[in-house]
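**Q** For reference, the structure I am asking about is given below.
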Amino acid sequence: MIITPITHKHYEDVITLANLVHGENYLDRLGLEKMCDMGTKHGINACFVALDNNEQLLGFRTSYSAQQWTIDKWCTPKEWPVLPSQMAYFKCIAVSPTAQGQGIGPKLLQASINALRQQGALAGVAHLWKQSPGNGAIKYFTKAGGQLVAVHDERWLENCLVDNYYCTICGNQCQCQAAEMTLLF
């Protein structure tokens, strides 16, 4: 397996996988370009893909650099272990259904942590999908050392209403919860 920074040559495969795993209209090219821009600081890209030996996409992770993302109503910075200026954001991860259970998620997370640390971040925060199959998102993040900060109801409903996002569980009226979790580097 090869873990390497996301480049334009990976975009179409990343978008296809994101929409398969997270739901229709979850990601498009403009959104992915923005994610990668927000994850690059000091020339270091914190967004990665996992490829097999034939360079086929197995999974990806996007992360935002500290001070390059907006702290919104879904964030609880007073509960974070570091200052907001030192906090990166783990935006998105997806692993192909045929490649799950091979440790790809943790390897992608570690690659992002290494890059974010080089950029100067001391920790990261994520909003993990509580309704993920088998609660896998929270389990893997907790195993990596993540700490629960808060649970937010209807975290992705606005994406349904504004961006025509279609949740794989709830359809166009997403009621899923997000577990806000932090991870110290």
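**Q** Would you work out the charge dipole size for the chain about its Cα centre, treating the Cβ of every Lys and Arg as +1 and the Cβ of every Asp and Glu as -1, and quote it to the nearest 20 debye? Mind dumping the intermediate values first?
**A** Working: 14 positive and 15 negative charges, 120 e Å.
In total the dipole reaches around 580 debye.
**Q** Return a single number: how many Lys pairs in the chain, at a sequence separation of 8 or more or on separate chains, have alpha-carbon atoms below 26 angstrom apart.
**A** Close lysine pairs found across the chain: 28.
**Q** Run lengths n ≥ 4 of DSSP H only: what is the helix-derived mean residue ellipticity at 222 nm for the chain, with -39500 (n - 2.57) per run over all residues, to the nearest 500? Don't jump to the answer; show the numbers that get you there.
**A** Details: 5 runs with 53 residues, N = 185.
Value at 222 nm, helices only, nearest 500: -8500 deg cm²/dmol.
**Q** Follow-up. From the phi angles alone, apply the Karplus equation (6.51, -1.76, 1.60; θ = phi - 60°) to the range 169-185 and give each ³J(HN,Hα) in whole Hz, x where the residue is Gly or Pro.
**A** 9, 9, x, 8, 10, 4, 10, 5, 9, 10, 8, 7, 10, 10, 9, 6, 8
**Q** Quick one: which of 170-179, 76-85 comes out on top by average Cβ neighbours within 10 Å, and what's the full order, highest first? Don't skip to the answer; put the middle values down first.
**A** On the way: 170-179: 17.0, 76-85: 13.4.
Put in order of decreasing packing, that is 170-179, 76-85.
**Q** Test of understanding: what is the full-extension gain from residue 98 to residue 86, defined as 0.36 nm times their sequence separation minus their Cα-Cα distance? Walk me through the intermediate numbers first.
**A** Values: separation 12, 0.36 × 12 = 4.32 nm, distance 3.57 nm.
Additional length available on full extension: 0.7 nm.
**Q** Continuing with the same structure: Taking θ = phi - 60°, what integer Hz values does the Karplus form 6.51 cos²θ - 1.76 cosθ + 1.60 yield along the range 11-18, in sequence order, with x for Gly and Pro?
**A** 3, 4, 5, 5, 4, 4, 5, 4
**Q** Shifting gears a bit: Can you give the accessible area of residue 154, probe radius 1.4 Å, in Å² rounded to 10?
**A** 80 Å²
**Q** Further question: Explain nothing, just compute: Karplus ³J(HN,Hα) = 6.51 cos²θ - 1.76 cosθ + 1.60, θ = phi - 60°, for every residue of the range 85-92 in order, whole Hz, x for Gly and Pro.
**A** 5, 9, 9, 8, 10, 8, 7, 8
**Q** Once label points are set 7 Å from the Cα along Cα→Cβ at both residue 173 and residue 70, what is their separation, rounded to one decimal in nm?
**A** Here the answer is 2.7 nm between the modelled labels.
**Q** So, one more: Among 14, 35, 45, which residue has its Cα furthest toward the positive end of the charge dipole of the range 1-45, with +1 on Lys/Arg Cβ and -1 on Asp/Glu Cβ?
**A** 45
**Q** If you don't mind, another one. Can you give me the long-range amide H partners of residue 128? Hydrogens built in the peptide plane at 1.01 Å from N, cutoff under 5 Å, separation of 5 or more residues or another chain.
**A** Residues meeting the criterion, in which the H sits 1.01 Å from N, are 179, 180, 181.
**Q** Here's a follow-up. What is the packing order of peptides 22-29, 86-93, taking the mean over residues of other C-beta atoms within 10 Å and listing the highest first?
**A** Numbers: 22-29: 17.5, 86-93: 23.2.
So the peptides 22-29, 86-93, ranked by packing, come out 86-93, 22-29.
**Q** Leaving out ligands, DNA and RNA but keeping every protein chain, what accessible area does residue 117 have, in Å² rounded to the nearest 10, with a 1.4 Å probe?
**A** Per-residue accessible area (residue 117): approximately 110 Å².
**Q** Additional query: Keeping every protein chain present and rolling a 1.4 Å probe, give me the accessible area per residue for the chain in Å². It would help to have the intermediate numbers written out before the result.
**A** Numbers: 9160 Å² over 185 residues.
Dividing the accessible area of the chain by its residue count gives 50 Å².
**Q** In Å and whole numbers, how far do the C-alpha atoms of the range 136-185 stretch along each principal axis, longest first?
**A** Its Cα atoms span 35, 17, 16 Å along the three principal axes.
**Q** Further, regarding this structure: Pull up all non-local amide H partners of residue 41: gap of 5 or more, or a different chain, and H-to-H distance under 5 Å with H placed in the peptide plane.
**A** Those lying under 5 Å, H to H, from residue 41 are 46.
**Q** Which one, (1) 17.7; (2) 16.4; (3) 19.7, gives Kirkwood radius over Cα pairs in Å as derived from the coordinates shown?
**A** Correct label, based on the coordinates given: (2).
**Q** Can you list the residues, at least 5 places off or on another chain, whose amide H is less than 5 Å from the amide H of residue 28, using H built in the peptide plane?
**A** Hits under the 5 Å cutoff: none.
The values are calculated or read from the model by the stated rules, or taken from the named source; none is laboratory data. What you are looking at is a predicted structure, and each value in this text was computed from that prediction instead of being measured. Heads up, the Cβs are rebuilt from the backbone with ideal geometry, glycines too, and the neighbour counts pull from every protein chain shown. These area figures cover heavy atoms from the full protein model, side chains too; ligands, DNA and RNA do not enter into them. Shrake-Rupley method; radii C 1.70, N 1.55, O 1.52, S 1.80 Å.
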